[in-house]
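Notes for the one structure printed next.
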Amino acid sequence: MTVIGADGRPRCSWATSAPEYIAYHDDEWGKVIREDHGLYERMTLEGFQSGLSWITILRKRENFRKAFDNFDPERVAAYGQDDFDRLMADAGIVRNRLKVNATIANARALLELEPGELTDLLWSFQPADRPAPKTSADVPATTPESVAMSKALKKKGFVFIGPTTSYALMQATGIVNDHLADCIAR
């Protein structure tokens with residue numbers, strides 16, 4: 001079900017409880033991203049969100065960008081122990097060893113690919129057209145495509161990218177459109 005916001009516009013029900021949610025929903029979520037750098041950033045942020053509220057990540061997003069050199073894969077891939085220690089001491093981000101290591105490992109995996117290969121790989125899992133979800137209960141946590149995407153990414157050396165995180169990545173980057181049927185962003 002959509003919710004009518006204070007501005008009188010219908011939005012997906014998850015996107016109305018905080019200004020950060022409203023801005024993210026209206027301006028970014030579900031917008032098409034077809035370039036490796038943007039997809040790497042979203043993959044990283046979705047990984048950091050795992051087990052946490054998305055609002056936590058949104059509120060720390062600029063800190064993440066600063067801490068991880070604006071998600072420049074070449075710079076992140078070159079991180080060593082000093083960088084890891086710096087990140088683990090940075091209260092402005094989520095300090096989780098597995099997630100920090102995954103960010104570095106995934107930058108390295110990305111650099112093993114040809115330019116544009118990550119984009120092509122992720123978008124190859126775009127499902128066929130399907131009806132717009134009418135309620136949030138109609139939005140799955142995983143799909144056969146997200147399971148397959150997760151497996152394909154792991155074969156390419158990516159880590160901390162299970163089917164649920166893969167599906168969240170698909171939603172965030174426009175690979176699927178899970179805005180509810182009567183949402184203004186559809």
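Before moving on, here are some points about what is shown:
- When you filter the GluC sites (Glu not before Pro) in region 87-154 for DSSP loop state and at most 14 other Cβ atoms inside 10 Å of their Cβ, you are left with GLU112.
- ALA128 paired with GLU74, simple spin-label distance in nm, labels 7 Å along Cα-to-beta-carbon: 4.2 nm
- Distance between the C-alpha centres of region 66-110 and region 127-186: 25 Å, rounded to the whole angstrom.
- Sparse-neighbour loop sites [GluC sites (Glu not before Pro); region 1-101; at most 16 other C-beta within 10 Å; DSSP]: GLU28, GLU35
- Here the extension length gained between THR164 and ARG108 equals 17.9 nm, from 0.36 nm per residue of separation less the Cα-Cα distance.
- Computed from the alpha carbon positions, the gyration tensor of region 29-186 leads to an equivalent ellipsoid with semi-axes of 27, 18, 13 Å, biggest first.
- A simple spin-label model places pseudo-atoms 7 Å from Cα toward Cβ; at PHE84 and ARG65 they are separated by 2.8 nm.
- Amide N of region 111-152 lying under 18 Å from the label point, which is placed 7 angstrom from the Cα of ALA181 along Cα→Cβ: 129-140
- When you filter the trypsin sites (Lys or Arg not before Pro) in region 1-84 for DSSP loop state and at most 14 other Cβ atoms inside 10 Å of their Cβ, you are left with LYS31, ARG34.
- Accessible surface of region 105-147, 1.4 Å probe, proportion on carbon and sulfur as whole %: 53 percent
- Computed [θ] at 222 nm, deg cm²/dmol, the chain (DSSP H ≥ 4; -39,500 (n - 2.57); rounded to nearest 500): -15000 deg cm²/dmol
- Computed over protein heavy atoms with a 1.4 Å probe, the accessible surface of the chain works out to 49 Å² per residue.
- Placing +1 on the Cβ of every Lys and Arg and -1 on the Cβ of every Asp and Glu, with nothing else charged, gives region 117-186 a dipole about its Cα centre of roughly 240 debye.
- Charge context of ILE93, other residues only, Cβ under 15 angstrom, K/R +1, D/E -1: +2
- Whichever aspartates and glutamates have a C-alpha closer than 16 Å to that of LYS134, once near sequence neighbours (fewer than 8 apart) are set aside: ASP178, ASP182
- Over region 1-71, the reciprocal of the mean inverse Cα-Cα separation, the Kirkwood hydrodynamic radius, stands at 13.3 Å.
- For the pair ALA141 and ILE4, a Förster radius of 25 Å applied to the C-beta separation gives a FRET efficiency near 0.45, rounded to the nearest 0.05.
- Under 27 Å from the Cα of LYS99 - lysines, other chains or at least 8 residues apart: LYS31, LYS60, LYS66, LYS151, LYS154, LYS155, LYS156
The values are calculated or read from the model by the stated rules, or taken from the named source; none is laboratory data. Keep in mind the model is a prediction, meaning the values are calculated, not measured. For neighbour counting, all protein chains shown are included, and Cβ atoms are generated from backbone atoms with ideal geometry for every residue, glycine included. Each accessible area value is taken on the protein alone, full model and side chains, heavy atoms only, with ligands, DNA and RNA left out. Shrake-Rupley method; radii C 1.70, N 1.55, O 1.52, S 1.80 Å.
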